[in-house]
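What follows is a short report on a single structure.
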Amino acid sequence: MNHWLIAPILIPLLGGVLQAFMGYAPISLRRTLALGTTVLLLVSTIVLLVMANDGSYRLYAFGNWQPPFGIVLVLDRLAAMMLVMTAVLALFAHLFSIGGADEGNRQFHGLFLFQLMGLNIAFMTGDLFNLFVAFEVLLIASYGLLMHGGGTARTVPGLHYVVLNLVGSAVFLISVGMIYSVTGTLNMADLAIRVLLLSGEELELVKAGGMMLLVVFALKAALLPLSFWLPRAYARATAPVAALFAVMTKVGIYAILRVYLLIFGDDAGALANLGMDWLFPLALITLIMGVVGALGAQSLKTLVAWQVIISVGTLLAPIALGSEEAISAALFYLLSTTWTVAGLFLVAELVASQRGSALDKIVTAPRMRHRTLISVLFLIGAVAAAGLPPLSGFFGKLLILNSVTSGPEMAWLWSVLIIGSFFTIIAYSRAGSIVFWRTVDGHIEEPKPLGGNLRAATGALVGLSLVIVAFAGPINEYTNATAAQLQNRAAYLEILQIPMVGEEN
């Protein structure tokens, strides 16, 4: 059964390669292959989720080279959850793209699948260098996807995105080199043991490398002050690309969870909880800045892009606290916010397709076609994003609030999260009332047709907030078990056959 672990990487790889050789094939054939590949990917990730649900770790060693020397994939509850979340998002984003967003670029579907491959490698790798490789794979694909459609509006923010991520990649490589120069390994489990044996200059060098890694992951997660590139880049991307990019910041958050709980967690001696003192206040400031940006947004896509920033701050604040309850709450909210934000990007595109020259700008315009359907979808997404009952965002934020124990952190988190949610409601209320209800006389010439696949994909992603509520109990049990597994470092080391300190003999 362990051979299933390679499926989330192999399936999009083969699909992407086939797309590369089908560049001049009819677009209907390329679409069928792409959608079929994404469905197979989702099936494989569900199989892995069922496997991981027993609470054990599973290892896949390439070439049968055992750790810490070979390339390994590791499956646990967290990796399985991230894989399924990404595959579900990718399926509906891909379904939306075949409504016309994929036209004009023969390699759109290939790039889409290669990005999925990079994401899945990042979620499953047990090695820091291969995490770097995964970042490069998904980033190279994302560069092409971000530029899809052309035009200055996409080229300028896309260039900023490329340059910043190239700088981040360089810092990542330097930090990995610093850590390897001292420890002689980049296997995460092996590093978790070796950092306990460091002292003097070696300790300081690894500490510097660890802090540099945190900066890189913060850039990927769009943590302030490394987040100003995101709103313009996401707002200018085509709708299915922006929807897929909703999971991109979660890769940085996942890397922080994986690396800093395993290698620099509570049991890391002098390097315990490295950088977490900085992470909590920066997360709260990021949340505040996201709310301010949402209040000033001039278009729906920009509003949703700032919602991504809000979710980053909301996620990293409890993660920085490090308790099992806080991490479980963050994981529940992560699932909700990723699908909700992706759905809202698709809703914004539906609005733009029905308002003529007004597009998705938050300005008055003649009454759009399909206003009832689109406004209901926007209402559901906005309620979930703002954290109002009875949708999933409310339960996620409630779990986060309840996970914090009494003290200064509780006062700060409660204040910022509750006040921020209030102003987020104002931002969505302002946008919705102007776009859907403050109409002017006139008519919109030739609005784009609203195909069945566009409605289905958007409705499904937005509707997932209702599904999460319906299965809130089992999902919360899963996130609780995931948080407990993340805190149990010994079990991770055992599956990789890495001895604990004092057990080398």
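The values are calculated or read from the model by the stated rules, or taken from the named source; none is laboratory data. These numbers come from a predicted model, not from an experiment. Cβ atoms come from the backbone with ideal geometry, glycine included; neighbour counts cover every protein chain shown. Calculation scope for accessible area: heavy atoms of the full protein, side chains included, ligands and nucleic acids excluded. Shrake-Rupley method; radii C 1.70, N 1.55, O 1.52, S 1.80 Å.
Worth a mention:
To keep it simple, each residue is scored yes or no on (1) modelled with pLDDT of 90 or more; (2) of a type in the set (A, V, I, L, M, F, W, C).
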site: GLY150; (1), (2): no, no
site: LEU166; (1), (2): no, yes
site: PHE172; (1), (2): yes, yes
site: GLY184; (1), (2): no, no
site: VAL195; (1), (2): no, yes
site: GLY200; (1), (2): no, no
site: LEU205; (1), (2): yes, yes
site: GLY210; (1), (2): yes, no
site: LEU230; (1), (2): no, yes
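- Any hit, segment 164-183, residues being touching a helix residue (DSSP H, G or I) at 6+ places or on another chain (Cβ under 6 Å) and either touching a residue at least 60 places away in the same chain (Cβ under 8 Å) or assigned to a strand (DSSP E or B) (or both): no
- Selection status of VAL133, assigned to a helix (DSSP H, G or I), farther than 27 Å from TYR24 by Cα, free of Cβ contacts under 8 Å to residues at least 40 places away in the same chain and out of contact with any helix residue (DSSP H, G or I) (no Cβ under 6 Å at 6 or more places or on another chain): yes
- The residue that is surrounded by the fewest Cβ atoms within 10 Å (Cβ to Cβ), among those in segment 281-318 that are touching a Lys or Arg at 6+ places or on another chain (Cβ under 8 Å) and not in a helix (DSSP H, G or I), is GLN298.
Results for (1) closer than 18 Å to PHE114 by Cα; (2) open to solvent by 20 Å² or more (accessible area, probe 1.4 Å); (3) part of a helix (DSSP H, G or I), shown as yes or no for each residue.
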residue	(1), (2), (3)
GLN19	yes, no, yes
TYR24	no, yes, no
THR32	yes, yes, yes
LEU35	yes, yes, yes
THR38	yes, no, yes
LEU42	yes, yes, yes
ILE46	no, yes, yes
LEU49	no, yes, yes
ASP54	no, yes, no
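- The residues listed here are VAL74, VAL17, VAL43; of these, the one that is under 23 Å from PHE332 (Cβ atoms) and out of contact with any helix residue (DSSP H, G or I) (no Cβ under 6 Å at 6 or more places or on another chain) is VAL74.
- Number of the condition not met by LYS250 [criteria: (1) of a type in the set (D, E, K, R); (2) modelled with pLDDT of 90 or more; (3) under 22 Å from LEU271 (Cα atoms)]: (3)
- The residue that is least open to solvent (accessible area, probe 1.4 Å), among those in segment 56-97 that are in a loop (DSSP other than H, G, I, E, B) and under 29 Å from TRP339 (Cα atoms), is ASP76.
- Options ALA208, ALA255, ALA239: the member that is open to solvent by 20 Å² or more (accessible area, probe 1.4 Å) and of a type in the set (Gly, Ala, Ser): ALA208
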